């Protein structure tokens, strides 16, 4: 099996140059490289990271005198007790959020595949300091209302661990079954990421069906305009997705393939992910810059079934802007 590289192959540009067209001006861009690879040791903190990597265990440092437990064990000696050496102990993997975690929706290329993700601190049971950790949800896309200060969580381990802080993440305890809550060293592959519960949409009425018909006509026009736009085609280049959209006016399908968009009423047997929105007129607001898919998701107005499909959302959000700038 081929070894993975620090920089993924798809991020390394081909030798050569390309011409960019920006506001009717042509600019030459060449592909260059600057190497800054390095290795670093975890030093005296190695036991903590080795425990994550090899034993699926979180270690804390307990002072034998004042009994304070520090997680992670960022110190070897207690500053409160004349620097007595701390004892490493195994910690529970259950705790609560120490504060409301901020959520990252826009990240640079190295972390783009992880968005959206939250970054907070979890106070594990028996700990006196909080563990920095990423937070995720199995219920679709991560929004600001899922985690808050005091939310009970469980630490989950990546299937593939290398000895880094990202070897672990936290999910809400309410999203797990009883057996999963009790299990030590729970792996990400043991969670159900594929079948989040969809929000219900109201049954279509005559009015909402008419609204959807108007929206579909406008979406068809948008698709035709996108074919004529070099910017829009560039936004969709190299991307292929089938999206099932469910609205209060009825369902329709969005297809992205060969730099083109296609909209079709009805359902599809197999979709890459699902969007749910109550009012079909939302897509009119999207096309006319009154709202965006991204903002609607953050505001819980639009639901999508897969957290990892936020990159597709970004691509779709670019289309109306690209058409206006053509």
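The values are calculated or read from the model by the stated rules, or taken from the named source; none is laboratory data. Being a predicted model, the structure only gives us computed values, none of them experimental. With ideal geometry, Cβ positions are generated from the backbone for all residues, glycine too; neighbour counts draw on all protein chains shown.
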Take region 163-183 and flag every residue that is assigned to a loop (DSSP other than H, G, I, E, B) and loosely packed, with under 14 Cβ neighbours inside 10 Å. 164, 177
Residue 316 meets each of (1) outside any loop (DSSP other than H, G, I, E, B); (2) touching a helix residue (DSSP H, G or I) at 6+ places or on another chain (Cβ under 8 Å); (3) farther than 24 Å from residue 114 by Cα with one exception, condition (3)
The one condition in (1) closer than 30 Å to residue 52 by Cα; (2) without any contact (Cβ under 8 Å) to a residue 12 or more places away in the chain; (3) loosely packed, with under 14 Cβ neighbours inside 10 Å that residue 200 fails to fulfil: (1)
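Each row is one residue, and each column tells you yes or no for (1) in contact with a helix residue (DSSP H, G or I) (Cβ under 7 Å, 6 or more places away or on another chain); (2) surrounded by 13 or more Cβ atoms within 10 Å (Cβ to Cβ).
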| site | (1), (2) |
| --- | --- |
| 83 | no, no |
| 90 | no, no |
| 102 | no, no |
| 105 | yes, yes |
| 117 | no, yes |
Tally of residues being surrounded by fewer than 16 Cβ atoms within 10 Å (Cβ to Cβ) and not in a helix (DSSP H, G or I) across region 224-250: 4
Of 285, 291, which residue is under 23 Å from residue 211 (Cα atoms), free of Cβ contacts under 8 Å to residues at least 40 places away in the same chain and buried (at least 17 other Cβ atoms within 10 Å of the Cβ)? 291
Residue 94 vs (1) over 28 Å from residue 153 (Cβ atoms); (2) touching a strand residue (DSSP E or B) at 6+ places or on another chain (Cβ under 6 Å): all pass except (1)
Only one of these is over 28 Å from residue 107 (Cα atoms) and not in a loop (DSSP other than H, G, I, E, B): 219, 261. Name it. 219
Within region 139-162, is even one residue within 30 Å of residue 59 (Cβ to Cβ), assigned to a helix (DSSP H, G or I), in contact with a helix residue (DSSP H, G or I) (Cβ under 8 Å, 6 or more places away or on another chain) and modelled with pLDDT of 95 or more? no
